[in-house]
Amino acid sequence: MEEYIKAAAEQFEKLLREQLVRQEAMEHGAAARDFAGAEHIVIGVVGGDGIGPIIVREARRVLEKLLSEELASGRVELREIEGLTLENRLACGKAVPEDVLAAIKGCDVLLKGPTTTPKGGTLESANVTLRRELDLYANVRPVTVPEEGIDWIFFRENTEGEYALGSRGIEVPGKLTMDFKVTTDAGTRRIARAAFEYARANGKKNLAIVTKANIMKKTDGMFTRIAHEVAADYPEIEAEDWYIDIMTANLVNSAVRSKFQVFLLPNLYGDILTDEAAQIQGGVGTAGSANLGARYAMFEAIHGSAPRKIEAGEGAYANPASILKAAAMLLRHIAMPEKAEQLEAALRLCMEEERRVVVTGHRDGATAQAFTDYLLEKL
Ligand code: IPM
Ligand code: MG
């Protein structure tokens, strides 16, 4: 037992020092990149696992059409990144193999399909690794249900909380396990700033800070305190504290849910609440997600690789809507808002108004390819 305690104490010291270095580096973080005048923009395209390559292929076709001029002139390049598959990751014993990471770092933005994370073992989620390696601290997830007046946007902290050291907990075999949750001053300040800046720029008046600060007193306590410090610079925005449990209830309470506008959350609560929100919109297959940092940005579906769908032989019927919404967010990020709007308008027409080709996710619906053919017609 003494040996375990000693080893754990040593590990803890190492983690603490590492995290302090990370916090220090963030304090000197650069401002976000502006693509407006960029001469050359490289969009990395990563298929991933399971239904990933199926839906990413469709999103690529849409980008090829929307960006045809820019691709022809060479201003934009679509670069296929191979090797972020479960087989290759397992073979290399790396969540993101080094050559793949180097290729990704050679791009400006990424369109990424879902990747499978093996349960147990020590292989970290490729998503978590990429978010950390590329310092993609803001996970931005919009959810709308126009007929109900729901227009939500979630700012989920994306690099710390339970995720920072999720694969590096402590175990005393047969006795106990312990994981760590990390919240830093600089890490909280930058995500809070992003959420309030968005609210201000988009005329939003309500911002919900969602934590469990009554229980996670240190980490969520700090998150709440810093969020309010940042809020002081935005007096026109009403910043309200909510606990995650009641907020999950609020989202299914149609009497109150449409009053919420912007949500600011630590990592794990953001993960959970955004799946719930996406389900309210029509399913996790319908929501896009942006992972933003100062240097890089990654756009993806909010769902996973759907191994059960592949096993059932229904991969071709996967809904490409989520990755297509992510592609629209990507276009807006690289300063092409008209193209983003064009894609979003076509998606609204195909999914809400006309609905001539409907994807259900199963054999009774259209394939991802058939839906995308329909969307391309309407673009
Ligand atoms: C998400 C996903 C990821 C997460 C998984 C795939 C690691 O659920 O992007 O929400 O937990 O963040
Ligand atoms: Mg999730």
Could you go through region 72-83 in sequence order and give the Karplus-derived ³J(HN,Hα) for each residue, using 6.51 cos²θ - 1.76 cosθ + 1.60 with θ = phi - 60°, rounded to whole Hz, and x for Gly and Pro?
5, 7, x, 5, 10, 10, 9, 10, 6, 10, 8, x
If one compares the long axis through the Cα atoms of helix 219-231 with the longest principal axis of the Cα atoms of the chain, the angle in degrees, nearest 10, works out at 60 degrees
Please report, as a whole percent, how much of the solvent-accessible surface of region 131-170 comes from carbon and sulfur atoms (probe radius 1.4 Å).
46 percent
Please identify, among Phe12, Phe196, Phe154, the residue showing maximal mean-square fluctuation in a Gaussian network model of the chain using a 10 angstrom Cα cutoff.
Phe12
Calculated [θ] (222 nm, deg cm²/dmol) that DSSP helices of n ≥ 4 give over the chain, each run adding -39,500 (n - 2.57):
-13500 deg cm²/dmol
If you fit an axis through the alpha-carbon atoms of helix 337-348 and take the longest principal axis of the Cα set of the chain, what angle between them do you get, 0 to 90°, nearest 10?
80 degrees
Backbone N within region 236-267 under 12 Å of label point (7 Å from His228 Cα along the Cβ vector):
239-242
When the chain is treated as a Gaussian network with springs between alpha carbons less than 10 Å apart, the largest mean-square fluctuation among Asp241, Asp49, Asp135 is found at Asp241
Expected unfolding gain across Glu3-Asp241 under the 0.36 nm per residue rule, minus the alpha-carbon gap, is 81.4 nm
Amide H neighbours of Ile150 under 5 Å, at least 5 residues apart or on other chains, H built in the peptide plane: list them.
Val145
Would you mind calculating the gained length between Lys14 and Asp275 on full extension (0.36 nm times residue separation, minus the Cα-Cα distance), in nm to one decimal?
90.6 nm
Counting only the heavy atoms of the protein chains, how much of Thr159 is accessible to a 1.4 Å probe, in Å² to the nearest 10?
10 Å²
Tell me the per residue accessible area of the chain using a 1.4 Å probe; a whole number in Å² is fine.
46 Å²
Compactness check, region 103-232: C-alpha Rg relative to the 2.2 N^0.38 Å globular estimate gives 1.23
Per GNM of the chain with C-alpha springs under 10 angstrom, the most fluctuating residue out of Asp34, Asp185, Asp275 is Asp34
For region 323-334, 3J(HN,Hα) per residue [Karplus equation, 6.51 cos²θ - 1.76 cosθ + 1.60, θ = phi - 60°, Hz, x = Gly/Pro]:
6, 5, 5, 5, 4, 5, 5, 4, 4, 5, 5, 8
Residues of region 129-149 with amide N under 12 Å of a point placed 7 Å along Cα→Cβ from Cys92
130
Using the Karplus curve 6.51 cos²θ - 1.76 cosθ + 1.60 with θ = phi - 60°, what ³J(HN,Hα) values do you get for each residue of region 85-99, in whole Hz, with x for Gly and Pro?
10, 4, 4, 5, 5, 5, 4, 7, x, 9, 4, 9, x, 4, 5
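The values are calculated or read from the model by the stated rules, or taken from the named source; none is laboratory data. None of these values were measured; they are calculated from a predicted model. Neighbour counts are summed over all protein chains in view; Cβ atoms, including those assigned to glycine, are modelled from backbone coordinates with ideal geometry. Side chains included, ligands, DNA and RNA excluded: accessible areas come from the protein's heavy atoms. Shrake-Rupley method; radii C 1.70, N 1.55, O 1.52, S 1.80 Å.
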